[in-house]
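J.: Once you've had a glance at the structure underneath, I'll fire off some questions.
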Amino acid sequence: MNKIWFVMMVGSFCFLIWTDPSNILNSMIDASGEAFSLCIELCAVYAVWMGMLELVEVSGLGEKLAKLLHPIIKRLFKIDDIETEKMIALNMSANMLGLGNAATPMGINAMKRLDDGSGTATPAIIMLIVLNATSIQLLPSTVIGLRASAGSSSPADIILPTIIATACTCLLGICLVKLCNRLREKLKTNKKRKNK
Amino acid sequence: MSAYILPIIFIALFCYSKYKKVNTYDTFVRGAKKSIPLVVDIFPYIATIMIAVALLRASGITSLLADALSPIFNFLGVPTELIELVLLRPFTGSGSYALLNDVLVTYGADSYISRCACVILGCSETIFYVTTVYISQTKVRKLLYAIPIALVCATFGAVFACLLCRVM
């Protein structure tokens, strides 16, 4: 992340010096203000969803959902911890319903539990990031809404292609992560052998 | 139909909680309380990534990149009009929805290009934003191959979406 951010910032600065040097500070402050209002909005959304989440957890529904999704989660993440599985199960379910913002608090909690403190992403963390970045969406509600307001005759007819496309990208992501995880383990064992 | 899904889930949740003798009011308040510290924790990360994205857009690098990459995307079947959308999508959610709206208004909601744009947005996510927020509360700073894989998937998704819209 440090590298990506550095490249983005320095690249933009160099460009803006030629094109529009007086606007650099303005657009930065504007963006930060936008982030602030987004956060206030998010706070409202999170209050609703985290209230619901607490209910799901206290009532024991979370555990049931985790047990239901246990075979899938265990294969994907190779973890054996009911608390983490619960968070991941809720995160995945919210994503599927198209509730990205509801999925975020649970995703963050799951990440905290997966973190081993080494500073490098573990295979499970990478899997969770990629799953969320390619998330399966069964109901692209915002897109349908925009399309309807632009005067489409049947705004919902993009649902089927969207589901097919999203399922394919998600599968591709899972396969690539699994492949890279395997390569990484092989490299590690090779290194150990060399050291011996 | 889809409008009924959430209410049904909520009713089921409340009835189940009652059945399990959970104090719904107290529990909900306890959960809602956690939202404020969470937002305070993630605000700096969101601000940082949004500043970088705003600069990137203001500098015109994105449109330059779109021009440079257009032969490749055209070869893969992505219309030139949608390249900026594909490039911006990993960075900004609100920005890409604004772009989608432009496309819908300019080309008509039922045109091929608009349908492609809808499917592209529907099957992708704001990769950099999601990643920043998700790892913000951990010590993880080295992501190894997570972002490259996510970007490969998003590009594949865009190409696949255009192909699907041609067939369906």
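J.: Select the helices (runs of 4 or more DSSP H) contained entirely in segment A:4-96, then report the ones holding at least 3 residues which are crowded, with 19+ Cβ neighbours inside 10 Å, more than 7 Å from chain B (Cβ to nearest Cβ) and of a type outside the set (A, V, I, L, M).
T.: A:82-96
J.: Mind listing just one residue for me: the one in segment A:129-149 that is within 24 Å of A:Asp115 (Cβ to Cβ) and within 7 Å of chain B (Cβ to nearest Cβ) and, of those, surrounded by the fewest Cβ atoms within 10 Å (Cβ to Cβ)?
T.: Here the residue is A:Ser135.
J.: Here is a follow-up. Restricting attention to segment B:100-142, which residues are within 19 Å of A:Ala156 (Cβ to Cβ), at the interface with chain A (Cβ under 7 Å from one of its Cβ atoms) and not in a helix (DSSP H, G or I)?
T.: Within segment B:100-142, B:Ala109, B:Asp110, B:Cys123 meet the criteria.
J.: Exactly one of (1) farther than 26 Å from A:Ile17 by Cβ; (2) part of a helix (DSSP H, G or I); (3) at pLDDT 85 or above is unmet by B:Leu6. Its number?
T.: (3)
J.: Same structure, new question: Is it the case that segment B:70-80 has a residue that's surrounded by fewer than 13 Cβ atoms within 10 Å (Cβ to Cβ) and touching a Ser or Thr at 6+ places or on another chain (Cβ under 7 Å)?
T.: Yes, segment B:70-80 contains at least one residue that is surrounded by fewer than 13 Cβ atoms within 10 Å (Cβ to Cβ) and touching a Ser or Thr at 6+ places or on another chain (Cβ under 7 Å).
J.: If you scan segment A:158-175, which residues turn out to be over 17 Å from B:Arg166 (Cβ atoms) and at the interface with chain B (Cβ under 7 Å from one of its Cβ atoms)?
T.: Across segment A:158-175, the qualifying residues are A:Thr166, A:Thr169, A:Leu172, A:Gly173.
J.: Tell me which of these B:Ala12 doesn't satisfy, since it passes every other one: (1) under 24 Å from the mean Cα position of the chain (by Cα); (2) more than 8 Å from every other protein chain (Cβ to nearest Cβ); (3) more than 28 Å from A:Ala148 (Cα to Cα).
T.: (1)
The values are calculated or read from the model by the stated rules, or taken from the named source; none is laboratory data. Source: prediction; values computed, not measured. A quick note on method: Cβ atoms are made from the backbone with ideal geometry, for glycine too, and the neighbour counts reach across all protein chains shown.
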